[in-house]
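Remarks on the structure that follows.
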Amino acid sequence: MRLARSGDDEAYRVLLGRVAVWLRAVARRGLARAGRGPEESEDIVQETLLAMHLKRESWDDSQPLEPWLHAIARHKMIDHLRRRGFRDHLDIDAYADTLAAPSDDGDHARTDARRMLASLPERQRSIVQAISIEGASARDVGARLGMSEGAVRVTLHRALKSLAVFYRKEP
C-alpha cells in the first residue's frame, strides 16, 4: 500500500489481488454468521475495494493495513445486510418445549392492560388507546385532540415509556 500510494501501479495491482482474496474470506465468514450464503460476498468485496481505493489516503502508514481494511469491510458488510433486509430467524419449533402454554384466562390479561392504561394521565391514555388499540394514525388522533402529529407521537412515546416503567414495577 505504501508503494501504491507513492505511484507504483504494479504494486497497487498486486495489492488489490491479495486484498481481494483476503476480503472474500472475510465476507464469506461475515455472511455465514448472519445466516446468509456466500453468493453475496462478491458485492461486499467490490464495495470494500472501491472504498479502499477512494479512502486510501486516509490510511495511516505507520499502522498495519489489515485492521484498517477490516474496519472498512465490516462497515460494508453491515451496509449490505441493511440494504438486503437482514432478519435474524429462529425456528419456533425448536423451542416449542420451552414456551409457556397459552393461558385460558384472557380476562386476566385484559384486566392487567386496563390497570396499566389507568395509570396514565387522560391525554396519554386516549392517545395510546386510539393508536395502539384502535389503530388510528397519529395525524387522525392529532386532528381529533387538537394537537400536531409530532406532539401526538411525542406523547405516545412518553406514555409507552411510562407503561414500561409501570410494567417493570408490577409483580
- Query: Relative to the present Cα-Cα distance, how much length would full extension add between ALA11 and ALA71 at 0.36 nm per residue of separation?
  - Reply: 19.4 nm
- For ALA136, the residues 5 or more places away or on another chain with a placed amide H closer than 5 Å to its own amide H are ILE131
- Task: Calculate the spin-label point distance for GLU42 paired with ARG29, positioning each point 7 Å from the Cα along the beta-carbon direction, and give it in nanometres.
- Result: 2.3 nm
- Task: Lys and Arg at +1, Asp and Glu at -1: add these up for the other residues within a Cβ distance under 11 Å of ARG139 and post the number.
- Result: 0
- Estimate the FRET efficiency between SER148 and ILE78 by the formula 1/(1 + (r/R0)^6), using the beta-carbon distance for r and 30 Å for R0, to the nearest 0.05. 0.30
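Each value in this text was obtained by applying a stated rule to the coordinates, not by laboratory testing. Values in this document were obtained by computation on a predicted structure and should not be read as measured data. Because the Cβ atoms are built from the backbone with ideal geometry, glycine has one as well, and the counts that use them run over all protein chains shown.
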